[in-house]
1. In whole Å, what is the distance between the alpha-carbon centres of the range 79-103 and the range 199-235?
2. Would you please put 137-146, 201-210 in order of how densely packed they are, using the mean number of other Cβ atoms within 10 angstrom per residue and starting with the highest?
3. Only counting other Cβ atoms within 10 Å, I'd like 91, 85 sorted with the fewest neighbours first.
4. In the neighborhood of residue 11, defined by Cβ-to-Cβ distances under 14 Å, what is the net charge if each Lys or Arg adds +1 and each Asp or Glu adds -1?
5. What number do you get for the chain when its Cα radius of gyration is normalised by 2.2 N^0.38 Å, N = residues?
6. Would you mind counting up the charge near residue 341? Only other residues with Cβ under 10 Å from its Cβ, with Lys and Arg at +1 and Asp and Glu at -1.
7. Using just the helices of the chain, give the 222 nm mean residue ellipticity in deg cm²/dmol: DSSP H runs with n ≥ 4 each add -39,500 (n - 2.57), and the total is spread over all residues, rounded to 500.
8. Sort 198, 113, 325 by Cβ crowding within 10 Å, fewest neighbours at the top.
Amino acid sequence: MLKVVVLSISFLLLSAIAMNGILPEIRDALGITQTQSELLVTVPSIATLIFVTLSNGLIKRFGMKKTVVAGLIIAGTGGIMPVFYAESYAYLLFGRFLLGAGKGLIFTSSISYINILFDEKERATLIGYRSAIEMLGQSLLTLTLGALAVISWNFSFIAYSAYFLVALAVFIKIPEVETDTQKKGSRGEEQKMPMVIYPLALFVGVVVVSSSMIGIRFPAMVTEIMGETYNSSVLVATRPILGIIAAIFFGKLHRLLGKKLLYIGMVCLVGSELLIGFSNGNFWVLVVGFLLSSFVMGWIVPIIISTISKATNTGGARQRTAMSYVLICANVGVFSMPFVVQGLEFMVNSPALTAPYPVMAVVIGFILFILMTFSNNQSFRQKVGLDHG
């Protein structure tokens with residue numbers, strides 16, 4: 001039961017983007033722009049970014065369990081706010097900020113609980129399950145929001161009350177634990193951070209921008225083609241399911257293909273961007289491009305995380321710091337996505353929803369070229385810390 005409760009925290013970590021499927025309804029109901037509707041999905045990321053940096057101090061003062069329970073309650077409160085009032089865009093934006101703030105308080109603890117409460121053999125298995133559980137949670141919450149939107153788009157947000165159930169389970173089942181930040185006299189590792197961490201963290205940010213562009217804008221593009229009455233929530237929920245399948249086979253494929261799997265994942269992302277960018281009103285080309293991007297989170301991000309773990313060569317303070325850099329870049333990527341899209345639309349001088357994608361394909365393709373050029377250079381690998389320890 002303890003494993004189920006610990007994993008249930010991760011089940012809700014991707015909940016902010018679960019509302020993608022009903023964005024067109026919200027946009028039309030409130031009379032807001034496409035960019036404003038996208039901010040409802042991305043603004044939780046900036047709150048997560050802020051509260052992730054505060055979480056260590058709060059854990060040190062109040063303990064991990066109290067901080068996690070408080071985070072879950074805050075996230076749940078922000079999540080269900082549209083159920084009670086849905087006439088103000090600013091009110092909705094504030095609720096989404098609270099959702100992100102709560103997530104920021106629980107994010108690192110969802111990993112720490114696994115490392116603290118379970119032995120080494122169980123940890124490896126649970127870390128693998130955790131990625132799949134994140135995507136499963138996103139998929140199920142997306143489907144639930146889409147189904148409840150039949151009643152009304154704002155009532156569908158009642159699905160976020162799941163946070164309160166998880167908070168109750170954590171309060172009852174998970175014991176209070178002492179972390180290294182709470183131990184008196186504990187000292188952080190003073191080893192130098194490998195150079196490779198910084199470009200890898202930035203790379204995660206770029207990948208997240210690209211993936212968010214696809215996930216958040218897809219419902220609006222479907223509505224353009226199929227009409228206002230078409231509910232895209234089932235298609236939106238399919239993406240994380242395919243991501244789960246990709247994650248399940250990640251271990252075997254990574255052992256078999258090594259870094260080639262990263263290249264394959266990036267090629268899938270480039271292909272996805274091109275198919276969407278040149279779909280030209282063709283529904284099935286758009287859907288294929290959308291689903292092809294499923295492999296991004298299932299393959300690219302786990303490889304980057306694995307590389308960072310090897311480069312830092314420890315599970316202590318230095319690795320947690322490195323992971324926090326990745327989390328910061330990922331959340332900045334999500335939050336900045338609407339503004340990046342606007343910039344790309346300005347660059348190509350087109351307001352079309354599909355206009356930014358070919359440009360993003362070029363950016364990802366250029367990064368792939370750089371990776372393939374330098375990753376085999378032994379001198380370069382040692383210099384940036386890829387062959388550390």
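1. When both Cα centres are located, 21 Å separates them.
2. 137-146, 201-210
3. By the 10 Å Cβ count, ascending, the order reads 85, 91.
4. +2
5. Cα-based Rg divided by the globular estimate yields 0.97.
6. Charge balance near residue 341 sits at -1.
7. -25000 deg cm²/dmol
8. With the sparsest Cβ surroundings first, the list reads 198, 325, 113.
Every number here is computed from the coordinates shown, using simple stated rules; none is lab data. From a predicted model like this one, the values you see are computed outputs, not experimental measurements. Methodologically, a virtual Cβ is constructed for each residue, glycine included, from the backbone with ideal geometry; neighbour enumeration extends over all protein chains shown.
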